[in-house]
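Scroll down for the structure; my scribbles are underneath it.
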Amino acid sequence: MTRTVWVKADDSVGDWEARKRRITTAIEAGADWVLVDEDDVGRVRDLGAIDVAAFLSDADVVDGGGETAEADATFVGKGGEGDGSIDLPDDFTGSADLTTLRRRHDRAQGAYVRVLGTEYEAFAESAAAAADITVVIGEDWSIIPLENLIARVGDETHLVAARPPPPRHAPPSRRSNSGPTASSSTPTHRRRSAGPSRRETRPSGSRSSSRPRR
């Protein structure tokens, strides 16, 4: 098992200068992955050596236009069903996020899911069956224990688990307990040209990590 550390630095962090500071800190601290918006991939490459995952601009768009730098992994879920922006369909076969993951053209390799209730736990399970990497954000792991999710999807995907960041007005004591990073124990991650590694993963609270073998 190899432990990896992820840092989320999309537009929810703030403007580019705020995102840049977080990404630079992640690189200097030895984080393994940074999760950003698709338009920022090229700028992240310029900052230093780190694996870059990116949210797709539109989950159901097959042919992306324009000259953009390529991410090491691309994710669905932001602005879609995964984060609650769009209601989950009654039948997951009608899910735009899952449809994008299942397409053979390899448009997306990762799923991002905020576990807002038991129905999202089921959605994360379905996403994990199709995704190489599944990032789950637990609003309250005491209500939906993380161990339940690990037991269901641990053999299906590289599971990355985290809590959402605290409100900006939260006191420092709360901020220190819930930051932007998420860590996970996972098999060696392989690039999209290779098949996904499917073994049980177990999140860890440590920020330190051993980089995956290339």
Quiz item: Quick one: if you stick a label point 7 Å off each Cα along the C-beta vector at Ser12 and Thr99, how many nm between them?
Solution: 2.5
Quiz item: Label Ala69 and Asp39 with points 7 Å out from Cα along Cα→Cβ: what is the distance between them in nm?
Solution: 1.6
Practice problem: Please list 14-21, 75-82, 94-101, 26-33 highest first by mean number of surrounding beta-carbon atoms within 10 Å per residue. | Solution: 75-82, 94-101, 26-33, 14-21
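Values quoted throughout were computed directly from the atomic coordinates according to the rules given, and no laboratory measurement underlies them. Since this is a predicted model, take the numbers as computed values, not measurements. We place every Cβ from the backbone using ideal geometry, glycine too, and count neighbours over all the protein chains shown.
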